[in-house]
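J.: This structure is in C-alpha cells; I'll ask about it shortly.
Bear in mind these aren't lab numbers, they're just calculated from the coordinates by the rules spelled out. The model shown is predicted, which means the values in this text are computed figures rather than measured ones. Heads up, the Cβs are rebuilt from the backbone with ideal geometry, glycines too, and the neighbour counts pull from every protein chain shown.
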Amino acid sequence: MSNSTTTEMNTTTTSNPNYMKGFIPFAIAGGVLSLCGGFTASVPPAIANSWGLGGDGTTWITLAYALSVVGMAPIMGKLSDLFGRRTAILIGTALWALGELLIGICPTANFPLLLIGRLVLGCGGATIAPAVVGYILTEFPAEKQGKGFSIYMFIASFMVVFGPTLGGITIDAIGWRPVLYICVAFSVFAFLCCFFMVKRSEKGKENAFAGFDGLGAVFVFIFFALFMCVPTFGQSYGWLSKASVACIIVAAAALVCLLIIEKKAKSPILSGKFMARKQFILPVVILFLTQGLMQSCMTNMILFVLATQHNTTLSGIATSLLYLGMSIGAIVIGPMADKREPRTVAAGALIFVALGAAVQMFFTATTGISVFGLALFLIGLGLGGNATIFMKVALSDIAPSLAGVGAGTYNMFRDMSAPFGVAVFVPMFSSNIQHAISTGINEIQANVEAMHSTAMVQIVCVVIGTAVCFLIPKIYADPKIYTDQGSKMRNS
C-alpha cells in the first residue's frame with residue numbers, strides 16, 4: 001500500500017476478555033488523581049496567603065507542579081512500558097500520596113520543602129495518567145478504545161465538578177493542611193486498590209534499565225520544564241524580562257541537545273515514529289488553539305465577575321458547570337468517534353466551543369448565572385468530547401511497546417496547552433481593559449468591552465481549529481487494512 005493510503009484504526013480485538021474488570025483499579029487511581037486535584041485547587045493561594053508569599057508565591061507553587069507533571073510524563077510513560085503497568089500505577093499513587101504528605105507536614109515558611117513536595121506530586125500525576133491510558137491502549141479491544149477513553153475522561157472531569165467548591169469550603173472551615181491529609185487518605189486507598197486488584201500478569205523486562213535513554217530523559221525534562229516556564233515568566237515578569245529571556249535561551253539550547261541525543265538513541269524517550277504523524281501533530285495543534293480556552297475562560301470569568309459584581313459564588317458555580325459539560329461531552333460525544341470519522345465528530349464538538357465563546361459576547365455588568373453557566377457549559381461540552389476524540393486519534397496505530405511513552409507524550413502536550421491559553425487570553429483581557437479605560441470608559445464597562453473583544457479572538461481560534469480538524473486523515477476508509485506507517489510502528 002502506498003503512503004498516501006488513508007489511515008486506519010487498529011480493529012483487532014484484545015486477548016483479555018476481562019479488560020473492563022481489570023480497568024477498575026486504574027479508573028480508581030485516575031479518579032483519585034482528579035478528585036484530589038480539584039479538592040486542593042485552592043491550596044496554593046491559601047498557602048501563599050497564610051505564609052505571606054503574595055502572588056509570586058502562588059505562581060511558583062503552581063508552577064512547580066505543572067513543570068513536573070509535564071516534564072516527567074514521557075519519562076514515566078517510558079518506564080511504565082519497561083516495568084509494566086502495575087508497577088507504574090503503584091509508583092504513581094505512592095508518589096502522589098507522598099507529595100500530598102510532604103506539603104501537609106511542611107513547616108511554616110519552609111518554601112524549598114514545599115516546592116519539593118509539589119515536584120513529587122507532579123511526578124505522581126505524570127506516572128498515573130500514562131499508566132491508565134496505556135492500559136486502555138494495550139488491554140481494550142481497538143474498537144472499544146474510544147469507549148475506554150470516554151470513561152476515563154468522564155471520571156476525570158466529573159471528579160473535578162465539586163472539588164474546588166468543597167475544597168474551598170473545607171479550607172475556610174479547618175485550614176489547608178487537613179485538606180491535604182484527606183487527599184493522602186484517598187491516595188492510600190487508591191494504592192491499596194491497585195496493589196490488590198491489578199494482577200501481576202505484566203512482568204517488567206530483565207535489566208529494564210539497560211539501554212534506557214537516560215541522557216535523553218534528562219534533556220526531555222529540562223526542555224519541557226523550561227518551555228512550561230516561558231508563558232508563566234512572560235505573563236508575570238514581562239516577555240523581555242531577564243527571567244523570560246534566560247528561560248527561552250536555555251530552553252532553545254536544551255532543545256538542540258535533545259534533538260541530537262534522541263536522533264542517536266536506540267530507544268529514545270520521544271519517538272519520531274509516533275510523533276511525526278498527522279494523527280498526532282494536528283490534534284496537538286488544535287489543542288493549543290482551543291483547549292487553552294478552558295482555563296483562560298475560567299480565569300477571565302472570575303476576574304470579570306469580581307470587577308462587575310464582586311461575587312465569587314457566580315464564578316464558582318459557572319466553573320462547576322464547565323466541568324459538568326466536560327463530563328457530559330466525554331461520555332456522550334467522545335464515543336461517537338468509534339463509529340464515525342473522528343475528524344468530523346471533533347469539528348462538530350468545536351461548534352459547541354464556538355457557541356460558548358459567542359455567548360460571552362452577550363455578557364453585561366448584570367449578567368446572571370444562567371448566561372455565565374451556559375457559556376462555560378458549552379465550552380466544556382465541546383472540549384470534553386474532543387479530549388476523548390483527540391486521544392483516540394493521536395494514539396492510533398501505536399505499537400504496544402510504546403503505549404506508555406506515547407500516552408505520556410500526548411498528555412504532556414495536552415497539559416501544556418492550558419497554560420499557553422492562559423498566557424495569551426488572560427493578558428489580552430487585561431490589556432483590553434486598560435485600553436478601554438484609557439479612552440475614558442469606566443472600569444465596569446471596560447471589563448464588558450474587554451470580554452467581548454477577547455471572546456471574538458477566541459471564536460477565531462476555534463474556527464481555525466475546526467478547519468484543521470478536516471486535515472486529520474480519515475481512519476475508517478477501509479477497516480481491514482493499515483497504513484504502511486501504522487504497520488511499521490506495530491512491528492517495531
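J.: Plugging the Kirkwood radius over Cα pairs into Stokes-Einstein for region 389-437, at a temperature of 37 °C and a viscosity of 0.692 mPa s, what D comes out in µm²/s? Spell out each step's value before the answer.
T.: Values: Rh = 13.2 Å.
The diffusion coefficient I find is 250 µm²/s.
J.: Can you list residues from other chains, or at least 5 along the same chain, whose modelled amide H is less than 5 Å from the amide H of Asp397?
T.: For Asp397, whose amide H was placed from the backbone, the distant partners under 5 Å are Asn10.
J.: Between helix 292-308 and the chain, what is the angle of the helix's C-alpha long axis to the longest principal axis, kept within 0 to 90° and rounded to the nearest 10?
T.: 20 degrees
J.: Find the relative contact order for region 323-403 and round it to a whole percent, using C-alpha pairs within less than 8 Å whose residues are 6+ positions apart. Write down the numbers at each step before the final one.
T.: Details: 105 pairs, mean separation 40.3, N = 81.
Result for region 323-403 is 50 percent.
J.: Here is a follow-up. With everything on Cα atoms, drop me the angle between helix 19-39 and the longest principal axis of the chain, reported from 0 to 90° to the nearest 10.
T.: Result, in degrees: 20.
J.: List the Cys residues of the chain that have no partner Cys with a C-beta closer than 4.7 Å.
T.: So, Cys106, Cys123, Cys193, Cys194, Cys229, Cys247, Cys257, Cys297, Cys461, Cys469.
J.: Provide Met336, Met391, Met301 in ascending order of the number of other Cβ atoms located within 10 Å of each residue's Cβ, fewest first.
T.: Arranged by neighbour count, lowest to highest, Met336, Met391, Met301 become Met336, Met301, Met391.
J.: Turning to a different aspect of this structure: Please state the charge dipole magnitude for the chain, taken about the Cα centre, from unit charges on C-beta atoms (+1 on K and R, -1 on D and E), reported in debye and rounded to the nearest 20. Kindly include the intermediate steps, with their values, before the conclusion.
T.: Details: 28 positive and 19 negative charges, 257 e Å.
Once rounded to the nearest 20, the dipole reads 1240 debye.
J.: Report the extension gain between Asn110 and Met361 in nm, rounded to one decimal, defined as 0.36 nm multiplied by the number of residues separating them, less their alpha carbon distance.
T.: Working: separation 251, 0.36 × 251 = 90.36 nm, distance 4.49 nm.
Stretched fully, the Asn110-Met361 segment lengthens by 85.9 nm.
J.: Same structure again: Size of the dipole of region 230-293 about the Cα centre, Lys and Arg at +1 and Asp and Glu at -1 on the beta carbon, nothing else charged, in debye to 20? Let's see the in-between values first.
T.: Values: 7 positive and 1 negative charges, 67 e Å.
I would put it at about 320 debye.
J.: Rounded to the nearest 500, what is the 222 nm mean residue ellipticity of the chain from helices alone, with -39500 (n - 2.57) per DSSP H run of 4+ residues and division by all residues?
T.: On the way: 20 runs with 374 residues, N = 492.
Calculated at 222 nm, the ellipticity per residue is -26000 deg cm²/dmol.
J.: So what are the ³J(HN,Hα) numbers for region 390-396, from phi and the Karplus equation (6.51, -1.76, 1.60; θ = phi - 60°), rounded to whole Hz, Gly and Pro as x?
T.: Result, rounded to whole Hz: 5, 5, 4, 6, 5, 9, 5.
J.: If you don't mind, there's one more thing I want to ask. Just flag the chymotrypsin sites (Phe, Trp or Tyr not before Pro) in region 236-301 sitting in loop per DSSP whose Cβ has no more than 16 other Cβ atoms within 10 Å. It would help to have the intermediate numbers written out before the result.
T.: Values: sites: Tyr237, Trp239, Phe274, Phe280, Phe288; in loops: Trp239.
Sites meeting the loop and neighbour criteria: Trp239.
J.: Contact order normalised by length for region 27-164, with contacts defined as Cα pairs under 8 Å and 6 or more residues apart; what percent is it? Before the final figure, lay out the partial values.
T.: Values: 168 pairs, mean separation 56.5, N = 138.
So the answer I get is 41 percent.
J.: Provide the convex hull volume over Cα atoms per residue for the chain, in Å³. Display every interim value, and only then the final one.
T.: Values: hull volume 69.9 nm³, N = 492.
For the chain, the hull spanned by Cα atoms encloses 142 Å³ per residue.
J.: In addition: Tabulate in residue order the Karplus-calculated ³J(HN,Hα) for region 348-365, using 6.51 cos²θ - 1.76 cosθ + 1.60 with θ = phi - 60°, rounded to whole Hz; enter x for Gly and Pro.
T.: x, 5, 5, 4, 5, 5, 5, 5, x, 5, 5, 4, 5, 5, 9, 5, 10, 5
J.: Using the Karplus equation 6.51 cos²θ - 1.76 cosθ + 1.60 (θ = phi - 60°), what ³J(HN,Hα) coupling, rounded to whole Hz, does each residue of region 99-107 give in order, writing x for Gly and Pro?
T.: The phi angles translate into x, 4, 5, 4, 5, x, 8, 4, x Hz.
J.: Using Cα atoms only, what is the angle between the long axis of helix 278-290 and the major principal axis of the chain, expressed in degrees (0 to 90) to the nearest 10?
T.: Taking the Cα atoms of the chain, the angle to 278-290 is about 10 degrees.
J.: Between beta-carbons, use under 13 Å as the cut-off and find the net charge around Val220, counting Lys and Arg +1, Asp and Glu -1. Before the final figure, lay out each step's value.
T.: Working: positive: Lys78; negative: Asp213, Glu262.
So the surrounding residues net to -1.
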